[in-house]
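Working notes for the structure below.
Bear in mind that the values in this text are calculations on the coordinates, not laboratory data. What you are looking at is a predicted structure, and each value in this text was computed from that prediction instead of being measured. Please note: Cβ atoms are built from the backbone with ideal geometry, for glycine as well, and neighbour counts cover all protein chains shown.
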Number of protein chains: 2
Amino acid sequence: MIKHLLVLCIFFILRNLHTAEARVRHYKWEVKYEYKSPDCFKKLVITINGKTPGPTIQAEEGDTIIVEVTNNLGTENLAIHWHGIRQIGTPWADGTEGVTQCPTLPGDTMKYQFVVDRPGTYLYHAHYGMQRGAGLYGLIRVTPRGPEPFVYDFDRSIILNDWYHQSTYEQAFGLASNPFVWVGEPQSLIINGKGRFNCSTISASSLSSTGGVCNTSNPDCSPYVLTVIPGKTYRLRIGSLTGLSALSFQIEGHNMTVVEADGNYVEPFVVKNLFIYSGETYSVLVKADQDPSRNYWITSNVVSRNRTTPAGLATFNYYPNHPKRSPPTSPPTPPAWDDAEPRVAQSLAIKAHHGYINKPPTTSDRVIVFLNTQNTINGIRRWSVNNVSFSLPHTPYLIALKQNLKNAFHSTPPPEGYDFINYDIFSPANNSNATSSNGLYRLKFDTTVDIILQNANTMNKNNSETHPWHLHGHDFWVLGYGEGKFDKNNDPKKYNLENPIMKNTVVVHPYGWTALRFRANNPGVWAFHCHIEAHFFMGMGVVFEEGIDRVGKLPSSILGCGQTKGVNRP
Amino acid sequence: MIKHLLVLCIFFILRNLHTAEARVRHYKWEVKYEYKSPDCFKKLVITINGKTPGPTIQAEEGDTIIVEVTNNLGTENLAIHWHGIRQIGTPWADGTEGVTQCPTLPGDTMKYQFVVDRPGTYLYHAHYGMQRGAGLYGLIRVTPRGPEPFVYDFDRSIILNDWYHQSTYEQAFGLASNPFVWVGEPQSLIINGKGRFNCSTISASSLSSTGGVCNTSNPDCSPYVLTVIPGKTYRLRIGSLTGLSALSFQIEGHNMTVVEADGNYVEPFVVKNLFIYSGETYSVLVKADQDPSRNYWITSNVVSRNRTTPAGLATFNYYPNHPKRSPPTSPPTPPAWDDAEPRVAQSLAIKAHHGYINKPPTTSDRVIVFLNTQNTINGIRRWSVNNVSFSLPHTPYLIALKQNLKNAFHSTPPPEGYDFINYDIFSPANNSNATSSNGLYRLKFDTTVDIILQNANTMNKNNSETHPWHLHGHDFWVLGYGEGKFDKNNDPKKYNLENPIMKNTVVVHPYGWTALRFRANNPGVWAFHCHIEAHFFMGMGVVFEEGIDRVGKLPSSILGCGQTKGVNRP
């Protein structure tokens, strides 16, 4: 009997040891359109298991994530990208339509399987056309096995977004039109999927004629409440998946200590406003150390564009105050939208945590400069990189390259730079010689690559925009930021090679440049693009290939379009 | 020299003889979304080569039509059905998603190739989800090699439609919602793609907030003008592709002589109003024999539903009056919407032309009765046939059956009838035992099949709707119409076996039945369904298989979805 108990005891110990090992986290998602009112205006949104934002994926470092996604979008295809997950050994699971996979057809189920190899805060979202804007997005939260360089009592997540009332079809085909129809400023800013549109600006008669309903008492748009216990410290994992907007995030009366950026530990620094760009994640620590007898505003505001969108509002609720009790104050005044200085200052403040420095190689094997410009091609407004506007091929690169399919994309590689001497980045340029291409950059495996993102004037006078660039499959070191034209002889001398932060998304400030370095050591094909949904759609992106010969056997689930239609028997 | 001329002469004669033979008509279509204002309200519509309705396919009897359709719908797939073309020998070209093909992916080009073996007036339209409602439709006009049993001076085409401002996504996902969101009555009726919405019902502020524009001076919605020369006779080919509406078509002050229905010659009869249901085509002869000093209204009006939609208006313009000169009168009063009698009378009046009678077999091998009811299944409002609500499989039947793919659809065949004794067709029924299925009816090849379409009360008291049923791959004989419950013992005795018209679409009147007969002699798999877009989407359809073993090799272009993903190397 005692022997039996001992066996049972050992069994349970082993079982517990086993659960401490990497686990498989299995999700089943149904993706479909539903009517929802995230900002009180009823419209068709894309939901996952009935929700937008979708469920948070919670895992531990080293776990395997399996997500079986069933497309019930009727007549529309689907692809989901796991933003910030490097997909080491699984480049086919990156979820980027046209780059790493064919889209998933209505009625089909796509199985994404990958390892979350590092702790941190990541995102997921649709990566097909402008589908992300319909509400298909969420958070991935990976906890570490060991200790972290900061302490907190509670862990909370906040996803920021901007929100449009037009469908993604209306947005996309407006952008592709001649005359050009810009998506415009968003109708609202939403925090954890909840915002507040001013319904009174729409007349009842017109709403009924288009089937719209705007109802501020709809629970869908009941503002998000973050309830805190006085004296406790909260880790807030904050991600932005805005279509367009650069944001300032603030908790009235509270400082925030930035401790993580895109899954990498940051040497802590304190902010009142956190500037956050589409595709970025941050963890901040907030101590509930203010007068606990009242609630406070949580706000998001548009910066870097002349804002017409009202602030996103949520409640920082001190327990036991009623969560719906309005703060007694007005929401805090946001930073001036056109003052880039504090935004640049925050960019410069983000360094790797001193205990977690991953030093970059001191030199690079290749330097590619990407000039970001607006252009007109065949009468259509486009964004270009070195005068080439990116278009996605119908046969995904990963499959075309791995299977040696001919003519799947343009064979001419796009340029490595621009006319540095003559190009005036401070004036609207003609850029009439821009072309459209789906050529890609092939990188020698295991080399070090520097990328200089060079901003410029748009087609409007005295205007240069803010672009958050996101790299798939890698983190990169952020070596430096500068104003004006990047000087390849002198600026590299100022690179931070001591403690640069690693990120997967980085901002290029107006009229400025940003310098990055990464190791081309993840076999696959990887998109690198502006994370503004409309900008990527309009051609603001490039694609890198590295080590394609080291990529394992492609799963048949990613095939089925372009030249891969019917290539493999499943 | 003379010899040379002779050779040249013979060459030209031969060449002309050759052109008198069947020709190949090759079309290249680009399908995409564009902003258009068919009824003055700007919305995203699907165009073919920039137009909605799409180009008319013009061919001669026996010609081969090749249409290469490129899908540029962004994230949405596509399928186009050639309505009324029997696709003899080419069942894979029928263009019915889920039945005869996988949908065509964005970026792909689908090549439809088929023979138009008979003269007549046919249609084409999207056959995928509710995509047709976005504007993808047009006319096929096949002229005969020989004489026709009537004469006219000019040949003109008119496509009628109703028009919604909601997107097809909004319509479809509303229908699939719980609570159910009905598409409602159309915002306007359009004639050759042009209508007139009352823009003043929408406020300017709300329009700008949703990006909408309503402008009655937009040329997109400039009313259609049919210019006629006094004394001449016009053949009008009239087709209806309404999403919902049964229509009455009228030319103020002019009689119309019906001479063709769905490609079959009709024993001529005269009407003032032509009742036309979605999926039907008619040719009528109109003589410009009225006072030529003025113009006249061409109108379409909703019948059989309590109309809230204003009349569709166009101008019957006597040359040389100005085409934009308004008729001096008000548009003619439409028939009472709820008076079914004249509609039934027209149905009964349509007989085969005495010179073109194709007699039906006097008996049938199988009789299937289809009871049409509304049901609730899992909280979702559906239409059902014999208590089975149809759903499309993800692997098209044609491929699954031809290639013996297992479990592609439900193997249980749906019922052949209903509880004739106990079912009360005049009351709202509970129908709580309805199920959803994609089972199909397998017909013995070359047998004669009778179909009785039995109407009933909807889920609302004292309401029975009008359903135009369309059969793919065949014409059927229309043997009879009746009121109330079909009596299988007595009603067949009243069948018209002498000169029944053949059609591909036939109406079932409220609380009535319609009896059809067809020969199951066209190898393939064929949909038979209510042509009301919302009704088919809600399950009002069935599928027939016949002679699958006689179907030739399937083209790889129709594969690529469900179990056929990656089955065949192209």
Report summary line: Summed over the other residues with a beta carbon less than 14 angstrom from that of residue B:546, with K and R at +1 and D and E at -1, the charge totals +2
Query - Among A:333, A:393, A:295 the positive-end extreme of the charge dipole of the range A:261-413 (Cβ point charges) - result: A:393
Report task. Of the DSSP beta bridges with both residues in chain B, give the percent that are antiparallel, rounding to the nearest 5. Result -> 75
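Would you mind giving the mean number of other chain beta-carbons within 10 Å of the Cβ of each residue in B:166-174, as a whole number? Show your work: numbers first, answer last.
Values: counts 5, 5, 3, 10, 8, 2, 4, 9, 5.
Rounded to a whole number, the mean comes out at 6.
What is the antiparallel percent of DSSP beta bridges lying wholly in the protein assembly as shown, to the nearest 5?
Values: 200 of 274 bridges.
So the antiparallel bridges in the protein assembly as shown amount to around 75 percent.
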Query raised in the report: Averaged across the residues of B:27-37, what count of C-beta atoms belonging to other chains lies within 10 Å of each residue's C-beta?
Result: 2
Query raised in the report: Using a label point 7 angstrom from Cα along Cα-to-C-beta, what distances in nm, from shortest up, separate residue A:365 from the other copies?
Result: 7.1
Query raised in the report: Is the range A:157-203 best put as rounded, prolate or oblate by its Cα gyration tensor, with a ≥ b ≥ c the root eigenvalues, rounded for a/c under 1.5, and otherwise prolate when a/b is larger than b/c, oblate when not?
Result: oblate
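What does the charge add up to near residue A:103, with Lys and Arg as +1, Asp and Glu as -1, over the other residues with Cβ less than 14 Å from its Cβ?
Numbers: positive: A:132, A:565, B:565; negative: A:76, A:94, A:97, A:108, B:76, B:108.
Here the charged neighbours net out to -3.
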Query raised in the report: Relative to the other copies, what are the label-point distances for residue B:447, with labels 7 Å from Cα along the C-beta vector, expressed in nm at one decimal and sorted shortest first?
Result: 7.1
Report task. Post the alpha-carbon centroid distance, the range B:89-143 to the range A:477-500, in whole angstrom. Result -> 58
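Would you mind calculating the relative contact order of the range A:422-527 from Cα pairs under 8 angstrom and at least 6 residues apart, reporting the percent as a whole number?
Details: 185 pairs, mean separation 41.3, N = 106.
Dividing the mean separation by the residue count of the range A:422-527 yields 39 percent.
If you scale each eigenvalue of the Cα gyration tensor by 5 and take the root, what three semi-axes come out for the range A:359-455, rounded to whole angstrom and sorted largest first?
Square roots of five times the eigenvalues give 25, 22, 9 Å.
Could you list A:165, B:474, B:125, B:322 so that the one with the fewest beta carbons within 10 Å of its beta carbon is first and the one with the most is last? It would help to have the intermediate numbers written out before the result.
Working: A:165 19, B:474 23, B:125 26, B:322 10.
With the sparsest Cβ surroundings first, the list reads B:322, A:165, B:474, B:125.
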Report summary line: A student applying the Cα gyration tensor rule (rounded when a/c is under 1.5; otherwise prolate if a/b is larger than b/c, oblate if not) would label the range A:435-563 oblate
Query - Considering only the range A:93-247, percent of DSSP beta bridges that pair antiparallel, nearest 5 - result: 60
Query raised in the report: Over all residues in A:177-185, what is the mean tally of Cβ atoms on other chains that come within 10 Å of each residue's Cβ?
Result: 1
Requested in this report: Would you mind listing the distances between the residue A:109 label point and the same position in each other copy? Use 7 Å along Cα-to-C-beta, nm, one decimal, shortest first.
Outcome: 3.7
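Can you give the local net charge around residue B:449? Use residues other than it whose beta-carbon is closer than 15 angstrom to its beta-carbon, Lys and Arg +1, Asp and Glu -1.
Numbers: positive: B:366, B:442, B:444, B:488, B:517, B:519; negative: B:365, B:416, B:446, B:450, B:475, B:545, B:546.
Summing Lys and Arg as +1 and Asp and Glu as -1 gives -1.
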Requested in this report: Only Cα pairs under 8 Å and at least 6 apart count here; give the relative contact order of chain A as a rounded whole percent.
Outcome: 14
**Report entry** the protein assembly as shown shape via C-alpha gyration tensor axes, a/c threshold 1.5
**Finding:** prolate
**Report entry** Residue-by-residue Karplus 3J(HN,Hα) for the range B:464-471, coefficients 6.51, -1.76, 1.60, Hz, glycine and proline x
**Finding:** 9, 9, 9, 10, x, 9, 10, 9
